[in-house]
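Every number in this text was worked out from the coordinates using simple rules, so none of it is lab data. On a predicted model such as this, the values are computed, not experimentally measured, just so you know. Cβ atoms come from the backbone with ideal geometry, glycine included; neighbour counts cover every protein chain shown.
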Amino acid sequence: MIAFHGSGELGHKAMVYHLNLLHLMLAAGALVCAYLALREVRRVYVSQWRLFVPPLLAGGIAFGLMLLQLAADRPRWMFAATLLAGLAIGGVRGFTMQVEFDVYRPRIHSSPTAKRLLFLVALIVVGCVAVEIVGTVVEPQLDRWRYATALLATLCAGMMLGRAAAIAGRLRHAHWD
């Protein structure tokens, strides 16, 4: 808990924000996730381990947001359903992307708009963390938004992970043929 003290015209007043270390870790992780997604979008060649770094970060962020909501007695099944939907959407996206192979490295071909979609999804995760942090400070007014953004972050993490798994599976299959 971080406490900020200030004095106003009516005397000494104290404001307490219920931010904790988890919020700091979520914010840092979301920014790193967006940065790594941007780097992946800019690259022509793809290495399989780099495919999974942004989705795993997004998954960790979604898990942290989910834990905060489960502590507020939110239903668990909504997070499971949202994750499965995200995995399905991302898997379809990963299987429909064009992948070519050079002698040494695989290349993913897609339009610039489609490439920017991964970065947009990572930015949505950053926005979800921002809503959680602001909602923690404002507290009851944004409680429903905090829940909705936790679900949205879970969907985005599932989409990123499904996409990475589908591409990695295609790369492995093509490499063995």
> Net charge near His23, counting Lys/Arg +1 and Asp/Glu -1 over other residues with Cβ under 15 Å of its Cβ?
Replying inline: -1
>> Please compute the Kirkwood hydrodynamic radius of region 20-176 from all pairs of different C-alpha atoms, in Å with one decimal.
In response: 15.9
> Ala72: net charge of surrounding residues, Cβ under 10 Å, Lys/Arg +1, Asp/Glu -1, itself excluded?
Replying inline: 0
> Using the count of nearby Cβ atoms within 10 Å as a rough guide to exposure, how do Thr154, Thr113, Thr136, Thr82 rank from fewest to most?
Replying inline: Thr113, Thr136, Thr82, Thr154
> Within a Cβ distance under 10 Å of Leu117, other residues only, what is the Lys/Arg minus Asp/Glu net charge?
Replying inline: +4
>> At a threshold of 8 angstrom on Cα-Cα distance, excluding pairs fewer than six apart, so keeping six or more, what relative contact order does region 20-176 reach in percent?
In response: 39
> Taking the Cβ-Cβ separation of Ser111 and Val138 as r and a Förster radius of 30 Å, what is the calculated FRET efficiency to the nearest 0.05?
Replying inline: 0.15
>> Between Leu21 and Gln48, what is the label-point separation in nm under the 7 Å Cα-to-beta-carbon projection?
In response: 3.6
>> Under the 0.36 nm per residue contour assumption, what length would be gained going from the current alpha-carbon distance of Arg76 and Trp145 to full extension?
In response: 23.2 nm
